[in-house]
1. How big is the Cα convex hull of the stretch 229-335 in projection, averaged over all directions, in nm²?
2. Could you please rank 194, 180, 551, placing first whichever residue has the fewest other Cβ atoms within 10 Å of its Cβ?
3. Would you please give the FRET efficiency between residue 700 and residue 511, computed as 1/(1 + (r/R0)^6) with r the Cβ-Cβ distance and R0 = 56 Å, to the nearest 0.05?
4. Could you work out Rg/(2.2 N^0.38 Å) for the stretch 404-511, with Rg from alpha carbons only?
5. What translational diffusion coefficient, to the nearest whole µm²/s, does the stretch 927-1071 have by Stokes-Einstein, given a Kirkwood radius computed over alpha-carbon pairs, a temperature of 37 °C and 0.692 mPa s viscosity?
6. Tell me the Kirkwood hydrodynamic radius of the stretch 385-454 in angstroms, computed as one over the mean inverse distance between distinct C-alpha pairs.
7. Take the Cα radius of gyration of the stretch 8-123 and divide it by 2.2 N^0.38 Å, with N its residue count; two decimals is plenty.
8. Using the 10 angstrom Cβ neighbour count as an exposure proxy, how do 160, 323 rank, fewest first?
């Protein structure tokens, strides 16, 4: 068997295998292969013959047989292959270097390249061009373009001294694909068993018609395994040659599956008999196929069959007069999808056009689309004005190379993280931005979608914060007194330069130390006791402290200690501001020693820089010094005349003043306290007082004298420290702050973009994987920072952990490391395959041990959880209620009110969820003794439903008439119903029906809770009541275990029936008259 000559007397060339024989120039053949060996068996002798006959050979390779392996195979048949290569008679290239130059398939360019190769070969003295190309690389989206390319080759190859053998992987081809290939080649090489066969073109070489009539058994297997429907027909005409019907001669299995018509009911019958009314079908099938049954061009079209109610993509062509073959694919679902896509694109366009961020689409910097925000960002009046510039023109010159490189990576499929950049507006202004780019399809081709956010204001705010932080640090470090901050455990977080100097320890080395590391145990106990008083009371405290420092000098300090709060109002540290009063203390001591010499006292006090007042026990002022006059604005004469009747002492401090004086009289000791004075000009000044007793000759307190200090600046410094200490860190990359209790306090915009549900999910989010290990690293191992790699969803991140907010929170920075992990995973895949059986065993044993340990500790921790969590939760619930009441005073349209109410609702949901966890835990471990009473079933169901938020897409129905009352513990049974209804709602994320019923059954009451949700898989049904077992991402695995315990405590039973995809019914059976 061979390929006939194209024209009589035309030059013929040896193909290389006997099956094909001699062929003329211009021959275009194809081969269907299944294995690499199939390719070698045909292509090696094909090229060996060409090299032998002085033909220029080109082998374009693709998997499964690539360049080097193809060269080795040919070398075995042609030992002097290297000599042929040296004289340039053969080229072996990858499809990437021929068909996909610059990453795209350009059929016209490839076809022209073949012609140029032929011309060059002829000029160099070769007889012509012998070529092959493997099509394994052709993706589905490129198939039509490649078929058109093959058709173009077929139309021009006869005019050139070329021969081509195109190879196709049979497993990659559908039935329609096979027909496309056969149609565009003069002959087809196929293998059946151990033999190769050559099937020649019917119209051109009278072979395909035999194949299409299925006379050749080697095509029967192919047709029966086609995914597309196949039918062979004969058209019936009337006397005027108008088509009136057609008869089915053969169909394949896919035809039966796609149409629902059985072969035995179809073959040999007319279509109008099989589908009555077919002659009136709007698709006009009979006339369309009638035109196809005459020799001419094949037809391909999409059409809707009203008779079958389906859309089909049909390919039809004539095999001989009045006969045609039709292959078709059911594209009904694709048509529906296309309609949904059109609707979705409309909605997407509205969202993009209204987005606050700039969104644009470009290809190689040429603008294809820009939303209004993008026009505003660049300062353009219209799209055309902005599109007149290449986007690289709107990037600072020093950033152009980097921007172009990133664009190239995106076009090559790389996913790049959010980055900071700069752009040039049309008015020439350069502004900082954040940019994230993605590869999209736009207008039928690849393009880059960029989302750009102006960060000018944010960067300005960050700079202001940095400046304020530096100002605060400068104030602290230049203070002549001592300034320090300790965490709640007594560890120093920050000290000023003066304190570090006195102790001879650097400010950095101070961090993390305690008083016990720096001084005597006795002094440290005293300092720690004062700190605890401030922490426990939540109030400031003024104390006098003294110590001997490194220089050997004794110093006395008046220290003002107060608690620091974070942005959430929680105490996280104690701040101390100490003013040295060594000299003042010496003055006080001297005054006390010489107080009996009143004249000397008067002279000394009047000239002291510290404000001093002397009074008696009947509220008279006996003396003030000049510093007191300057402080209050009153003269000594006015004060001696009017005493405390002046407005100097505000009404709100009168009781405090009286109590402190009474304490001096009672104890005979000095007291320290703070208050305010009202100056003569009506302004107020905060002061601190040290009130000292004066004793008469009998040892009784007869007078007092006080030293007063203006503490206005100290108050301001303390407030500034408290305010600035709680500023959250800003960062353009994903940043999260969470305390050691698992509360998420801060996420930045980048986090919200990458992990939108992180803040709501809390520690259950995969971002916080192995949180216990993080806590241990900081709390037990005393680390200050560390990093680890974590897979979150489909991406890998490097997470770096730091202590923040004075050690009370953990700040987490996340960086995408997908590219690094891809390389690691290639090696890891082989190791995982080898060890998967061992790993599975270890995981199972580890889980069994973990569950056993968790169960063993539940009983020990349940009481603690109930106390330590319930009390704060009740406080939170009360705070939520009061805040909502306060928000009612704001107008309903107020944005602050709306946002606050949304936030409060979220907090309330999480509080309820925490309450449920605590309740489930306690219900599971505590002894249960039901307090049974007669309760109404309807009321019990209503109470359970009231505790849950029923989604709008869930319809609730109940049938409770048969049983009006039941004897049971109302709280416990309501708890059971709550857990079952909550499970049912979670099983219906897309909506459904929730059905509740009650009826009597053989002396018992049967309660049922049914849903139409996803159902329970068979492989987990046996574990459904096992404690700690759950299939949900958010859950502890106690809900159903608790429900079972509560029901059994009533001497009842709980069972369930479930079918995957249809729903679940839980049935509770309680003895009707059982009362305990």
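Laboratory data are not the source of any read-out in this text; all were calculated from the coordinates shown. Values in this document were obtained by computation on a predicted structure and should not be read as measured data. Counting neighbours? That spans all protein chains shown, and the Cβs are built from the backbone with ideal geometry, glycine included.
1. 6.3
2. Least to most surrounded, the residues fall as 194, 551, 180.
3. Computed FRET efficiency for residue 700 and residue 511 comes out at 0.65.
4. Cα-based Rg divided by the globular estimate yields 1.84.
5. Result for D is 213 µm²/s.
6. About 12.9 Å, per the Kirkwood formula over Cα pairs.
7. Cα Rg divided by the expected 2.2 N^0.38 Å: 1.10.
8. So the ranking, lowest neighbour count to highest, is 160, 323.
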